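Worksheet for the structure shown next.
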């Protein structure tokens, strides 16, 4: 894998992290449960930190680090906003959309890990991937809890 491929892969992951940061912030604004709101704010900060770490790696490789989220991430957030407006910002719907965003992040990190990354970069990407998996599983668990509680009150 040449240096340009490494930089491109890392920049793709930076966009993924920026998408996650903005996605979690959007969901935090819309969610009604204060504990979940705080969790999402924390997850947004973690995504920001992950992006910063990747940006440092890009710079160390001599590249220009990405600084923005992707177009698809922006479109997904707009969809979350539209859907939230239509559904009355139902927590289950917000968590569903958040989980979809985390599905994209899992896929992005898996694709990066399929590449022949240098050992020092691979270790960072693997560590961040494990964090993405924890985020995904936590969001899914919260969504399931909200769904169960909602069904019990019907």
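Annotations for the structure displayed:
- Stokes-Einstein D (µm²/s) once Rh is taken as the Kirkwood radius of the chain over alpha-carbon pairs, at 4 °C in 1.567 mPa s: 81
- Look at the alpha carbon pairs under 8 Å that are at least 6 residues apart: their mean separation over the length of region 3-152 gives a relative contact order of 28 percent.
- In the chain, the DSSP-assigned H stretches of four residues or longer account for a calculated mean residue ellipticity at 222 nm of -30000 deg cm²/dmol, using -39500 (n - 2.57) per stretch and the full residue count as denominator.
- Inter-label distance, nm, simple model (7 Å from Cα along the C-beta direction), residue 149/residue 33: 0.5
- Seen against the Cα atoms of the chain and their longest principal axis, helix 3-30 is set at about 20 degrees.
- Were the residues from residue 64 through residue 8 laid out at 0.36 nm apart, the gain over their Cα-Cα distance would be 19.2 nm.
- Computed from Cα atoms, the angle from the helix 34-60 axis to the main principal axis of the chain rounds to 10 degrees.
- Site pair residue 49 and residue 126 shows an inter-label distance of 2.1 nm when each label is modelled 7 Å from Cα along Cα→Cβ.
- In plain terms, the chain from residue 56 to residue 115 could stretch by 19.3 nm, reckoned as 0.36 nm per residue minus the Cα-Cα distance.
Bear in mind that the values in this text are calculations on the coordinates, not laboratory data. Since the model is a prediction, treat every value here as computed from it, not as a measurement. Note that each Cβ is placed from the backbone with ideal geometry, even for glycine, and that neighbours are counted across all protein chains shown.
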